Structure formats: structure tokens, C-alpha cells
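**Student:** My questions will all concern the structure given below.
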Amino acid sequence: MAANIKRSKAQGFRMPVVSVLLENAQYSFDIFTQQFSKKWHIDVEPYRDKDALGMIIDGRVIGCAFIPRPVEDATLQQSALGNVLWPDAAVSILKHKAHLRATMTREGDPLAANILFSKVLCSLLQQKNAIGVHLRPGLLEPAYYMKYAEGLLDGGLPTELWVHIQTLGFGDESGFSLFTSGMRKFGKKEFEVVKSGNNFIDVYYSLRDLIKYTIENDLTFANGDTIGPSGNKLSLSVSAGVNTPGSTVKIGQ
């Protein structure tokens, strides 16, 4: 890919509260700490207090708590409806009876913080009764999350877990729209595709590739930039968001 680009500066952000949905009220923080240490080779001595666990890693404060009831968050059902990556999500999440809540404070550098938090969540999902992970506004199956998080072992960045692509008007004759949620925590503008009539799968995966390319190379785009291989460049424009607040980078407009 090529573009008229410049480096961005990382900005402060707040890590969202994440919920690991459990099919029943059973859990083990021992499983979590064992898996966390074994898989990621990070030795910690967590603070334990009945149904809660806390630890400090690289100055970041991580908290995990068991909540013996379903998630009380209206956005959970919204995240399940029309979920492209998990078509059965709306039915599956009805099975959850409890959840584990994970938080991080003193985040600092957003890239390093997201890498560490992905390792924490991947280890929490080792609970055999885990049936989903809610990262507002994303909602993912445990196997999907762990597959991409484990890419960190080979030096990859699981941007698929950090930036969520939301869909509007899928199947609409006037075209579908896509917009991202999560680019801002890396100090960047969200992406948008507005009323596209192209093949949905091609557009969706092209956007995923662009997200990864942008974060891996710490890039930002300006109005009038182009990106893509010679002979097949996409034009980029920057203007007020159509489907999400703030200024966004629109693709192909």
C-alpha cells in the first residue's frame, strides 16, 4: 500500500470494561493465573479477595471480578443483533448466567496496553463455561478471540480484536455502510464506508486490512490521500462522520 501519510502521536485513552460471559456460575482464577503465566511467560503475584483478583504489570493496574448474574448492559443485546462475525450471538448470549469483568487503569501507551489486555482476556477465556466476550461495542466468540490473541506469540498484532467494524443497511438495495469503533484509542480517526454497492465481503476484509496496516505502521491520513497498489488506488476523504461522531476517514469517496 502507498499513501501520502505522516506519523501520528499516541493520545490518552480509557480501556473499556470487558465482560466474559459464563454459561453458569462456576469459575476459577487459578486457571486464569496458571494459563496467564504459562502462555505469556509473565510471572505475577496477584492480590486475591474472595471473588476478585488484582495485579500490577508494567505499571498498569488490572482487575478481574466474578459477578454471579448476567451482564446488565443494554449494549450487549445491541452488539449481538446483526453480528457479522457471530450470526448466532443473539441466541447464544441468552444462555449466560454470570460473568467475569475485566478492567485496566493507568493504561499509558495504547499499543502496549492493548497487547497486555488481550493476553489477560485470552487467559480469562480458558474457563470451560465461557461462551462470549463483550468488548463494547464488539461481541465475540471465545474461540475467535483466542485465535487472534494467540497471534501475539508470533509477533502479530490482533487488531481484529481492538477495532470493531459495525455494519448498517446490509442487504439494502441502496448499499451498505461500515464504520469502525476503536481507532480513536490509538490517536486516529475512525474509518467509514458509506452506501457502498460493492461486494460486502471484499469491502469488509479490505477495511480490516487497512485497520491493521494503519495501526502497525502508526499512520494517519489526510483529505485527498490515496491508498492501495498502483492501478487500484482508493481515494480517502476526511469530513464529519455520517454514522459515527467526530471527523472520519471515508474510503472511496
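**Student:** Got a number for carbon plus sulfur as a percent of region 98-138's accessible area, 1.4 Å probe?
**Tutor:** 48 percent
**Student:** Under 1.5 on a/c is rounded, so check that first for region 84-201, then, if it is not, pick prolate when a/b is larger than b/c and oblate when it is not; a ≥ b ≥ c are the square roots of the alpha carbon gyration tensor eigenvalues.
**Tutor:** Oblate shape, in that a/c is at least 1.5 and b/c is the bigger or equal ratio.
**Student:** Can you give the angle from 0 to 90° between the axis of helix 200-216 and the longest principal axis of the chain, with both taken from C-alpha atoms, to the nearest 10?
**Tutor:** Helix 200-216 sits roughly 70 degrees off the main axis of the chain.
**Student:** Compute the Cα gyration tensor for region 151-253, then decide on rounded, prolate or oblate, letting a ≥ b ≥ c be the square roots of its eigenvalues: rounded whenever a/c is under 1.5, prolate when a/b is larger than b/c in the other cases, and oblate in all that remain.
**Tutor:** Because its axes are fairly even, with a/c under 1.5, region 151-253 counts as rounded.
**Student:** Any number yet on Rg/Rh for the chain, C-alpha, Kirkwood?
**Tutor:** A ratio of 0.98.
**Student:** Then there is this: With the cut-off at 1.5 for a/c, could you classify region 212-253 from its C-alpha gyration tensor as rounded, prolate or oblate?
**Tutor:** oblate
**Student:** Evaluate the relative contact order of region 50-90 (contact order divided by residue number), counting alpha-carbon pairs under 8 angstrom at least 6 apart; express in whole percent.
**Tutor:** 24 percent
**Student:** Oh, and also: Treat region 37-95 as a sphere of radius equal to its Kirkwood radius over Cα pairs and apply Stokes-Einstein at 10 °C in a medium of 1.306 mPa s; give the translational diffusion coefficient in µm²/s, rounded to a whole number.
**Tutor:** 109 µm²/s
**Student:** Note the angle between two axes, namely the Cα long axis of helix 110-124 and the longest principal axis of the Cα atoms of the chain, as a number of degrees from 0 to 90, rounded to the nearest 10.
**Tutor:** That helix lies at roughly 50 degrees to the long axis.
**Student:** Still on this structure: What does the charge count near G246 come to, summing +1 for each Lys or Arg and -1 for each Asp or Glu among other residues with Cβ under 10 Å from its Cβ?
**Tutor:** It works out to a net charge of +1.
**Student:** Using a 1.4 Å probe on the protein chains only, how many percent of the accessible area of region 159-253 belongs to carbon and sulfur?
**Tutor:** That fraction is 49 percent.
**Student:** Here's something else I'd like to know. Which value, in debye to the nearest 20, describes the size of the charge dipole of the chain about its Cα centre when Lys and Arg Cβ atoms bear +1, Asp and Glu Cβ atoms bear -1, and nothing else is charged?
**Tutor:** 420 debye
**Student:** Quick check on packing: order 82-92, 126-136 by the mean number of other C-beta atoms within 10 Å, highest mean leading.
**Tutor:** So the peptides 82-92, 126-136, ranked by packing, come out 126-136, 82-92.
**Student:** Next up: Using helices alone, I'd like the mean residue ellipticity at 222 nm for the chain: each DSSP H run of four-plus residues gives -39500 (n - 2.57), total over residue count, nearest 500.
**Tutor:** Here the helix-only value at 222 nm equals -7500 deg cm²/dmol.
**Student:** If you filter region 15-65 for trypsin sites (Lys or Arg not before Pro), then keep DSSP loop positions with at most 12 other Cβ within 10 Å, what is left?
**Tutor:** Hits after loop and neighbour filter: K50.
**Student:** In Å², and per residue, what accessible area does region 92-188 have when probed at 1.4 Å with the other protein chains present?
**Tutor:** Heavy-atom accessible area per residue stands at 39 Å².
**Student:** D30 to F170: extension gain in nm, 0.36 nm per residue of separation minus the Cα-Cα distance?
**Tutor:** 46.1 nm
**Student:** Going by alpha carbons, how many degrees (0 to 90, nearest 10) lie between the helix axis of 29-40 and the longest principal axis of the chain?
**Tutor:** Between helix and principal axis, roughly 50 degrees.
**Student:** Report the calculated FRET efficiency for Q126 and A74 (r = Cβ-Cβ distance, R0 = 25 Å), to the nearest 0.05.
**Tutor:** After rounding to 0.05, the efficiency reads 0.30.
The values are calculated or read from the model by the stated rules, or taken from the named source; none is laboratory data. Just so we're clear, the structure is a prediction, and the values are computed from it rather than from any experiment. Positions of Cβ are generated from backbone atoms using ideal geometry, with glycine treated the same way; all protein chains shown enter the neighbour counts. Note: areas computed on protein heavy atoms with side chains; ligands, DNA, RNA excluded. Shrake-Rupley method; radii C 1.70, N 1.55, O 1.52, S 1.80 Å.
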